[in-house]
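Some notes on the structure that comes next.
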Amino acid sequence: MRLIPLAAAFALLLGAGGPAAADDLSKVTIGVAPVVPTASTYLALKKGYLREAGFDVTIESVDTAAKLLPFLASNRMQVAEGGIPVGFFNAVAQGQPVVLALDAGSSPINQDLLVRPDLKGRSVAVVALASIQSYVMAKLLDTAGLTLKDIDLKTVPFPMMGAAFANKAIDAALEVPPFGDLVVERGLAVRWLDPDKMIRPTPMSVVAYMVNTDWAAQNRDAAHRLFLALARAGRDYCQAYHHGPNRAEVAETLVENRVIADRALVERMPWQARDPNGRFNLESVMDIQDRFFRLGLIDKKAPAERLVDTSYAEAAAKALGPFEPINQSSTLEGCR
């Protein structure tokens, strides 16, 4: 019953009396590097939120967010969603038109470092050297008195890490749901370190919506409508995260869009959390940038206001109001 007035209020905020005609829709491309939280983008399209906001959206999928940055910076994609890559910080430092717009995945991130007990000199897999995983791995290694230089760091796509374990090509891997759960279930590795318990500052911001700032500046009202639609879908995701009545719908959306193939696995695995308003933990974003700088992956650092445009999350919080899980018995952290 709560969804009806929210939908009506959303339509009024957009100034829309109903679905826009096809000829009136603005064409926008959103790039995604699929992980569980990217369900929000597919939901925003599936449930008509983006169309109600006045957009004809094409979603393009790649295997890692690092590949999205050139398309975003050149305005061939207006928005990108994925793990915050090294390339984002380099792009900002070089004056390219990109900024973080909404948090799409933060603690608890429910990633696992799957490993053999002795790490030194071992082969350790991350999805990409220029990814947020390099930050997570470096922070975890800190706790063991090791650095990235102490391991043989390899790049392996998330779905292929299980096969790499089976073939003894790697000794450890930083995995995300649902692939880490499958690796453990098959007895190929065991869980060792939990980033959510080990890494500070928290909440740790790892997945984000990024926007081309040239496009946003030229289409200010449209950009805010777009991110309000995505934030609305983010709220739907958070309700499903807390095992609300829409859990099955969101789980099915993940399967339909091939984020996860196994429907049963979606139900039993942990989901990554996010801020229901899309707010970033700026301390976390700055810590990520600082670690990338110390690793020599970026040449210079930028101030927080150049990295994050907080106006989109502030507008979402004002328009959508306070968030409360429909399933009030949920004790899960995150998405609150």
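The values are calculated or read from the model by the stated rules, or taken from the named source; none is laboratory data. Predicted model only: the values in this text are computed from it and were never measured. For neighbour counting, all protein chains shown are included, and Cβ atoms are generated from backbone atoms with ideal geometry for every residue, glycine included.
Does Asp214 qualify as being part of a helix (DSSP H, G or I), among the acidic types (Asp, Glu) and modelled with pLDDT of 95 or more? Judged against the criteria, Asp214 is a match. Where strands (runs of 3 or more DSSP E) fall entirely within the stretch 54-123, those with at least 3 residues that are over 18 Å from the mean Cα position of the chain (by Cα) are at 55-61, 112-115.
Within the stretch 139-181, track down each residue that is buried (at least 19 other Cβ atoms within 10 Å of the Cβ) and either polar (S, T, N, Q) or in a helix (DSSP H, G or I) (or both). Passing the criteria: Leu140, Leu141, Phe158, Met161, Gly162, Ala164, Phe165, Phe179, Gly180, Asp181. Residues that are of a type in the set (Val, Ile, Thr) and surrounded by fewer than 22 Cβ atoms within 10 Å (Cβ to Cβ) within the stretch 65-83 are absent altogether. Has the stretch 324-335 got at least one residue that is in a helix (DSSP H, G or I) and more than 16 Å from the chain's Cα centre (by Cα)? No, every residue in the stretch 324-335 fails to be in a helix (DSSP H, G or I) and more than 16 Å from the chain's Cα centre (by Cα).
Out of Tyr241, Tyr237, Tyr209, one residue alone is within 14 Å of Pro108 (Cβ to Cβ) and at pLDDT 95 or above. It is Tyr241.
Scan the stretch 200-230 for residues that are among the β-branched types (Val, Ile, Thr) and surrounded by fewer than 24 Cβ atoms within 10 Å (Cβ to Cβ) and jot them down.
Thr202, Thr213
Can you find even one residue in the stretch 268-281 that is surrounded by 18 or more Cβ atoms within 10 Å (Cβ to Cβ), assigned to a loop (DSSP other than H, G, I, E, B) and basic (Lys, Arg)? The answer is yes, given that some residue of the stretch 268-281 is surrounded by 18 or more Cβ atoms within 10 Å (Cβ to Cβ), assigned to a loop (DSSP other than H, G, I, E, B) and basic (Lys, Arg).
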